[in-house]
Amino acid sequence: MEAEILKQILAKLNSLEQGQIEIKADINSLEQGQSKIQADLNSLEQGQNEIKADVSKLKDKTTKLEVILETETNRNIGLLVDGHKLLNEKLDALKDLNEQVVELKTDTSLLKTITKDLALKVVK
C-alpha cells in the first residue's frame with residue numbers, strides 16, 4: 001500500500017512538474033509578446049517624434065510665409081496707393097487742361113464772330 005501511495009504521490013508530482021513546465025512555456029511566450037509590444041511601442045514613439053518634428057517645421061514655414069505674405073501685401077498695397085495718387089494727379093491735370101481747351105474754344109468762337117462782323121463792316 002505504501003508503494004501505491006508513493007506511486008500516486010510520484011504521479012501527482014510528475015503532473016505538477018509538467019504543469020510547471022507548461023507555465024514556464026506560457027511565461028516565456030508572454031515575455032516574447034511583451035517584448036514585441038515594447039518594440040512596437042518604441043517604433044510608435046519614434047514615429048510620433050518624427051511627426052512632432054515635421055509639425056514644428058511646418059509651423060516655422062507657415063510663420064515665415066505669413067510674414068512674407070504680409071510684407072509683400074503691404075508693399076503691393078503701397079504701390080497701388082501710389083499709382084492711384086499718380087492717376088488722380090494726372091486726371092486733375094487733364095481736368096485743368098480740358099477747362100483751358102473749353103475756354104480757348106469759347107475765345108476762338110468769339111474771335112470768329114467778331115472777325116466776321118468786322119469783315120462784313122469792312123465790305124460794306
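The values are calculated or read from the model by the stated rules, or taken from the named source; none is laboratory data. None of these values were measured; they are calculated from a predicted model. Please note: Cβ atoms are built from the backbone with ideal geometry, for glycine as well, and neighbour counts cover all protein chains shown. Surface accessibility is based on the protein's heavy atoms, side chains included, excluding ligands, DNA and RNA. Shrake-Rupley method; radii C 1.70, N 1.55, O 1.52, S 1.80 Å.
Here is how the numbers come out for the structure above:
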item	result
Mean accessible surface per residue for the chain, computed with a 1.4 Å probe while every protein chain stays in place, in Å²	96
Rounded percent of accessible protein surface that carbon and sulfur make up, the stretch 30-102, 1.4 Å probe	60
Inter-probe distance in nm under a simple model that places probes 7 Å from Cα toward Cβ, at K7 and R75	10.3
L111-A53 pseudo-label distance in nm [points 7 Å out on the Cα-to-Cβ vector]	8.6
Accessible surface of T62 - all protein chains present, 1.4 Å probe, nearest 10 Å²	70
Computed E for L41/T62 - FRET, C-beta separation, R0 22 angstrom, nearest 0.05	0.10
